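K.L.:
So that we are looking at the same thing, I have put the structure below in structure tokens.
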Amino acid sequence: MLIDGNDDRGIDVGLYSNYPITNIETHIFDTYTGANKRQYKIFSRDCAMYTIDYNGSPIHILCNHFKSHGYGSPVANDKKRQLQAERVQEIINQKFNLTKDNVVVAGDLNDTPDSKSLKPLLSMQGLENIIARNEGTHGTYLNTKKQFDYLLVSKALSDKYTDSRIERGGIFNGKNTIESPLHQASDHAAVVAEFKF
């Protein structure tokens, strides 16, 4: 399922599911007031929220792709990501109880865990950066040690955690079978987590 987001180039966020999708909400129309008193869209793409029915257990997945580091000033880009993180935090606080509801915030948040812009999300009580349980590097962007991609899961879901990993096989690194950056699946690795209900 995919909702057409705010990016004119067609860069969107969506969900593949083998289980029924029982609810969909978009946040492409969410706005904030700029210094010039004009209204601007908060999300560069969307914070699309999907609920799937996993054998009677609802799982709520908020799919995101925050503002990149390119195309704009670093200060403006950081501020935009912080506004996006604050809005996702607000949505979670309005709709969910992280100790009872199975919630996932997934996507390319385009900043590192120690960044000021992501602090509103990463400092939430009951929301865990699940890949941080793994030993070793958590880097997801190119061949760097920077984590830009996340699965943030609620306490209710983290209690069901069994395993996680970062799948880097689709990124060109000069050592694997991918022969050039043109052939790579993405310049971002996939964050994978498993849970047992």
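Bear in mind that the values in this text are calculations on the coordinates, not laboratory data. Just so you know, these numbers come straight off a predicted model, no measurement behind them. Heads up, the Cβs are rebuilt from the backbone with ideal geometry, glycines too, and the neighbour counts pull from every protein chain shown.
K.L.:
Let me know the shape class of the chain, please: from the alpha-carbon gyration tensor, a ≥ b ≥ c as square roots of the eigenvalues, rounded when a/c is under 1.5, otherwise prolate if a/b is greater than b/c, or oblate. Numbers along the way, then the final one.
P.N.:
Values: a/c = 1.43, a/b = 1.03, b/c = 1.40.
Taking the square roots of the gyration eigenvalues as a ≥ b ≥ c, the chain is rounded.
K.L.:
Hey, another quick one. With Cβ to Cβ distances under 14 Å as the rule, what net charge do the other residues near Gly10 carry (K, R +1; D, E -1)?
P.N.:
Details: positive: Arg9, Arg45; negative: Asp4, Asp7, Asp8, Asp12, Asp46.
Neighbourhood net charge equals -3.
K.L.:
Ala190's amide H: which non-local residues (gap 5+, or another chain) put their own amide H closer than 5 Å, with H modeled 1.01 Å from N in plane and none for Pro or chain starts?
P.N.:
Under 5 Å from the amide H of Ala190 lie the amide H atoms of Glu167, each far enough along the sequence or on another chain.
K.L.:
Something else now. Around Ser186, with a cut-off of 15 angstrom between Cβ atoms, what is the net charge of the other residues, counting Lys and Arg +1 and Asp and Glu -1? Mind dumping the intermediate values first?
P.N.:
On the way: positive: Lys146, Arg168; negative: Asp12, Asp108, Asp149, Glu167, Asp187.
With Lys, Arg at +1 and Asp, Glu at -1, the neighbours total -3.
K.L.:
Would you pull out the residues with amide H under 5 Å of Asn102's amide H, same chain only if 5 or more places away, H placed 1.01 Å from N?
P.N.:
His60
K.L.:
Give the percent of DSSP beta bridges with both residues in the stretch 24-180 that are antiparallel, rounded to the nearest 5.
P.N.:
75
K.L.:
While we're on this one: Can you tell me the order of 77-83, 141-147, 110-116 when each peptide is scored by its average per-residue count of other Cβ atoms within 10 angstrom, highest first? List each step's numbers first, then the result.
P.N.:
Details: 77-83: 19.6, 141-147: 15.7, 110-116: 17.3.
Final packing ranking: 77-83, 110-116, 141-147.
K.L.:
What is the antiparallel percent of DSSP beta bridges lying wholly in the stretch 6-114, to the nearest 5? It would help to have the intermediate numbers written out before the result.
P.N.:
Details: 15 of 22 bridges.
Bridges in the stretch 6-114 that DSSP calls antiparallel: roughly 70 percent.
K.L.:
Whole-Hz Karplus ³J(HN,Hα) for the stretch 41-55, in order, using 6.51 cos²θ - 1.76 cosθ + 1.60 and θ = phi - 60°, x for Gly and Pro?
P.N.:
6, 6, 9, 5, 10, 5, 10, 6, 10, 10, 10, 10, 9, 9, 6
K.L.:
Which chymotrypsin sites (Phe, Trp or Tyr not before Pro) in the stretch 22-113 pass both tests, a DSSP loop state and at most 16 other beta-carbon atoms within 10 Å? Walk me through the intermediate numbers first.
P.N.:
Working: sites: Phe29, Tyr32, Tyr40, Phe43, Tyr50, Tyr54, Phe66, Tyr71, Phe96; in loops: Phe29, Phe43, Phe66, Tyr71, Phe96.
Those that pass, being in a loop and sparsely packed, are Phe29, Tyr71.
K.L.:
Oh, and also: Could you go through the stretch 159-166 in sequence order and give the Karplus-derived ³J(HN,Hα) for each residue, using 6.51 cos²θ - 1.76 cosθ + 1.60 with θ = phi - 60°, rounded to whole Hz, and x for Gly and Pro?
P.N.:
Values per residue, Gly and Pro as x: 5, 9, 4, 10, 6, 7, 6, 10 Hz.
K.L.:
Further, regarding this structure: In percent, what relative contact order does the stretch 7-48 have, based on Cα pairs under 8 Å that are 6 or more apart in sequence? Please list the in-between numbers first.
P.N.:
Details: 39 pairs, mean separation 18.7, N = 42.
Value for the stretch 7-48: 45 percent.
K.L.:
For the stretch 63-78, what does the Karplus curve 6.51 cos²θ - 1.76 cosθ + 1.60, with θ = phi - 60°, yield as ³J(HN,Hα) per residue in whole Hz, taken in order and with x for Gly and Pro?
P.N.:
Result, ordered by residue: 8, 9, 8, 6, 4, 7, 7, x, 6, x, 6, x, 5, 5, 5, 4 Hz.
K.L.:
Another one. If you take every residue apart from Arg165 with its C-beta less than 15 Å away from the C-beta of Arg165, what net charge results, scoring Lys and Arg +1 and Asp and Glu -1? Before the final figure, lay out the partial values.
P.N.:
On the way: positive: Arg133, Arg168; negative: Glu135, Asp149, Asp163, Glu167, Glu194.
Neighbour charge sum, excluding Arg165 itself: -3.
K.L.:
Sticking with this one: Highest mean first, how do 103-109, 170-176 rank when packing is the count of other Cβ atoms within 10 Å averaged over residues? Mind dumping the intermediate values first?
P.N.:
Numbers: 103-109: 23.4, 170-176: 13.4.
Descending mean neighbour count gives 103-109, 170-176.
K.L.:
Separate question: Among Asn36, Thr51, Ile61, pick out the residue whose Cα is farthest towards the positive end of the charge dipole of the stretch 35-84, where Lys and Arg carry +1 and Asp and Glu carry -1 on C-beta, about the Cα centre.
P.N.:
Checking the options against the dipole of the stretch 35-84, the answer is Asn36.
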